[in-house]
Amino acid sequence: MSYEGYTTFKVEVKDGVAWVTFDFPPVNVQGNAMLADLDRLAAALESDRAIKVVVFQSSHPDIFVCHADIDMLCEIPAAERSRSEPILYLQKVLQRISSLPQATIAKVEGMARGGGHEFMLACDMRFAARGKAVFMQMEVGMGIVPCGGGTQRLARQVGMGRAMEIILGAHDFNADLAERYGSINRALNPDEIGSFVEELANRIAKFPAASITACKRCVIKAVETPIEEGLKEEAYQLGQAMASTPAAKRFAFGKEKGIQNDLETQKNWDKGVMDIQNIQ
């Protein structure tokens, strides 16, 4: 099976492991192009039993996956939704990644805020580099809610209180704190993370594909109530927020200032989240 022709990442398959490297300058923004690529990748992986592990990493030295694209979020109708409506395309794609039959690993060596953090949470395992990885959910500061499964997966991963702190506090936090919280498996030194993830991926890839899938399904069943219901609630709350908060103005401000593709802004999102509170 061919894994070529993607615009936002490259795929290398070796010994039962698919190495997916995000490479979408300038900042690996999570927009429609990336979601379309991920959707197509998932469609291929779902029927490929030769691949047993998928590792997601980035070619960018400072960013894993950026937050969700402002234009994409602004395309979501700013109107109240019914809880019975289908989930968002963003939610659907990340849930598809979460439901892959393969074991999935996020190897995070840079910033993963907003949608990038939510993508990481959709993977089965997450490893992060000390001194390089930075995490955040900034949506409350923009007047909306995390809408890529963040409210659902984060609470399941770290518990309600810590999920509230991360989502409502909108602070940056590093790999060591993420390890303490439980949102990542381990914090590793930058010179260790590559060999560690490679050894783990290659080890898992030696096991039977059917057994990997079965174990994964059993673990997920043990910790989740139906996530589809939670995703519907998340989408509903996003519609409510877009219709009744300053979100549209704040996104327009961000787009006008070009903050999305500015690397310095990406490095200082914590300050940006607070500054944008003046936009009403």
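The values are calculated or read from the model by the stated rules, or taken from the named source; none is laboratory data. In this text, all values refer to a predicted model and were calculated from it rather than measured experimentally. All Cβ positions, glycine included, derive from the backbone under ideal geometry; neighbour counts span all protein chains shown. Accessible surface is based on the protein model in full, side chains and every heavy atom, while ligands, DNA and RNA are left aside. Shrake-Rupley method; radii C 1.70, N 1.55, O 1.52, S 1.80 Å.
Tell me, yes or no, whether region 167-186 has at least one residue that is free of Cβ contacts under 8 Å to residues at least 12 places away in the same chain and more than 24 Å from GLN57 (Cα to Cα).
We begin by selecting, within region 167-186, every residue free of Cβ contacts under 8 Å to residues at least 12 places away in the same chain; these are 169, 177, 180.
Then drop every residue that is not more than 24 Å from GLN57 (Cα to Cα), which leaves 169.
The answer is yes; a qualifying residue exists.
Is one or more of the residues making up region 148-165 open to solvent by 10 Å² or more (accessible area, probe 1.4 Å), within 27 Å of THR245 (Cβ to Cβ), out of contact with any helix residue (DSSP H, G or I) (no Cβ under 6 Å at 6 or more places or on another chain) and small (Gly, Ala, Ser)?
Yes, that holds for at least one residue.
Output the number of residues of region 122-147 satisfying the condition of being among the basic types (Lys, Arg) and open to solvent by less than 10 Å² (accessible area, probe 1.4 Å).
The number of residues fulfilling the criteria is 1.
Can ASP15 be described as touching a residue at least 40 places away in the same chain (Cβ under 8 Å), of a type in the set (Asp, Glu), more than 26 Å from GLU139 (Cβ to Cβ) and open to solvent by 30 Å² or more (accessible area, probe 1.4 Å)?
Details: touching a residue at least 40 places away in the same chain (Cβ under 8 Å): yes; of a type in the set (Asp, Glu): yes; more than 26 Å from GLU139 (Cβ to Cβ): yes; open to solvent by 30 Å² or more (accessible area, probe 1.4 Å): yes.
Yes; evaluated as a whole, the condition is true for this residue.
For region 130-164, how many residues are in contact with a Phe, Trp or Tyr (Cβ under 6 Å, 6 or more places away or on another chain), not hydrophobic (A, V, I, L, M, F, W, C) and not in a helix (DSSP H, G or I)?
0
I'd like to check something: does region 68-84 contain any residue that is in a loop (DSSP other than H, G, I, E, B) and at pLDDT 95 or above?
No; the residues of region 68-84 include none that is in a loop (DSSP other than H, G, I, E, B) and at pLDDT 95 or above.
Looking at (1) surrounded by fewer than 23 Cβ atoms within 10 Å (Cβ to Cβ); (2) modelled with pLDDT of 95 or more, which is the one condition that is false for ARG113?
(1)
Within region 18-39, which residues are closer than 29 Å to ALA210 by Cβ and either in contact with a Lys or Arg (Cβ under 8 Å, 6 or more places away or on another chain) or exposed (fewer than 14 other Cβ atoms within 10 Å of the Cβ) (or both)?
Within region 18-39, VAL20, THR21, LEU38, ASP39 qualify.
Whether any residue in region 180-196 is closer than 27 Å to ILE76 by Cβ, modelled with pLDDT of 95 or more and under 13 Å from the mean Cα position of the chain (by Cα) is what I want to check.
Within region 180-196 (the criterion being closer than 27 Å to ILE76 by Cβ, modelled with pLDDT of 95 or more and under 13 Å from the mean Cα position of the chain (by Cα)), the answer is yes, since at least one residue qualifies.
Tell me the residue from PHE64, PHE119 that is part of a helix (DSSP H, G or I) and either touching a residue at least 60 places away in the same chain (Cβ under 8 Å) or open to solvent by 60 Å² or more (accessible area, probe 1.4 Å) (or both), please.
PHE119
Of all residues being closer than 23 Å to ARG203 by Cα and either touching a helix residue (DSSP H, G or I) at 6+ places or on another chain (Cβ under 6 Å) or aliphatic (A, V, I, L, M) (or both) in region 1-12, which is most open to solvent (accessible area, probe 1.4 Å)? Just the residue, please.
The qualifying residue most open to solvent (accessible area, probe 1.4 Å) is MET1.
So, of the residues in region 1-47 that are of a type in the set (Ser, Thr, Tyr) and touching a Phe, Trp or Tyr at 6+ places or on another chain (Cβ under 8 Å), which turns out to be nearest to GLY110 (Cα to Cα)?
THR21
Could you please let me know if SER82 is surrounded by fewer than 17 Cβ atoms within 10 Å (Cβ to Cβ) and among the hydroxyl-bearing types (Ser, Thr, Tyr)?
So SER82 passes the test.
Of the conditions (1) in a helix (DSSP H, G or I); (2) surrounded by 14 or more Cβ atoms within 10 Å (Cβ to Cβ), SER183 satisfies every one except a single condition; which number is it?
Here SER183 clears every test but (1).
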